[in-house]
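No lab work stands behind these numbers, since they all come straight from the coordinates. Worth saying up front: this structure is predicted, and the values here are computed from it rather than measured. Every residue, glycine as well, gets a Cβ built from its backbone with ideal geometry; the counts of neighbours run over all protein chains shown.
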Amino acid sequence: MTVSRGPAPQTGPEHMPDEAASDSTADAAELLAGLGSSWTWILGSAITTLVPGVLILVWPEETLHILAVLLGLYLLVTGAFRFVSAFSRHEHGERLPGLLLSVLFVLAGVLCLRNPMQTIAALSLIVGIVWLVSGMLTAYTAIATKDLPHRGFVIGAAVLGIVAGIVVLALPTESARALTRLLGLWMVLLGVAELILAFAWRAALRKTLTDYPTGPTGPTATV
C-alpha cells in the first residue's frame, strides 16, 4: 500500500521503527476494512446465527450444558464478525458502535461458556440483552451512516433484533423447553434476515462496480 505522507521523512534509526509501525497499523486496518465490507463476510455472519438456531430447533432435548455452549460459541464468533465489520466504516466515529457491539457479544459469549450449567432463564437474559442492544446500535448506525446501500434492509434487521430481545426478556421463564425453542426460532429469523441482507449488499456492490468500472474507493470496493 502507498500512503502519501507529505515531505520525505527523515532517515535514521530513531524514525524507522515509528514509520514501520504506522505502516503496519494502516495495512492491518485496510485489510480489516476490505474484509468487513465484503458481502461474503455478512453471509458468514448470517450462517453463524442460522446454524445454531437450526440445531436448537431440531434438537429439542439438548441439555443446558450443550445449549450454553452453542449460545456461547455463537456469541463469540458473531462478536468476531462484528469487530471486523466495524472497520468497514470510513470515519472512526462510525466504527465505535460496531466495536462496542463486538465487545458486548464477546463478553456475553464468555458468560455463557464460563458457567454452562446455568439456568435457561439466565441464558435467555444474556441473549435477550445482547439482541436488544445490538438492534438499537445497528439501527443507530443505519440512520447515522451516509449513503448506506439498502438502508431499509439494515433497519429491518435491526428492528427484528430489538423485537427478539424484548420478547425473550419479557416472557416468563416457567417452561425451559418453550424458551429454548423461542431462542432457536429467533436465531433462525435473525439468520435469515442477515442472509437476505448479505445478498442485497452483494447486489449493491455489483451495481457500484458497474457504475464505476475502474473500481470505487472505500468499503464498496470489495465484492
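A few comments on the model shown:
- For the pair residue 206 and residue 151, label points projected 7 Å from Cα toward Cβ lie 2.5 nm apart.
- FRET efficiency estimate (nearest 0.05) - Cβ-Cβ, residue 177 to residue 125, R0 22 angstrom: 0.80
- For the pair residue 167 and residue 65, a Förster radius of 22 Å applied to the C-beta separation gives a FRET efficiency near 0.35, rounded to the nearest 0.05.
- Modelled spin-label separation between residue 114 and residue 96, with each label point placed 7 Å from Cα along the Cα-to-Cβ direction: 2.6 nm.
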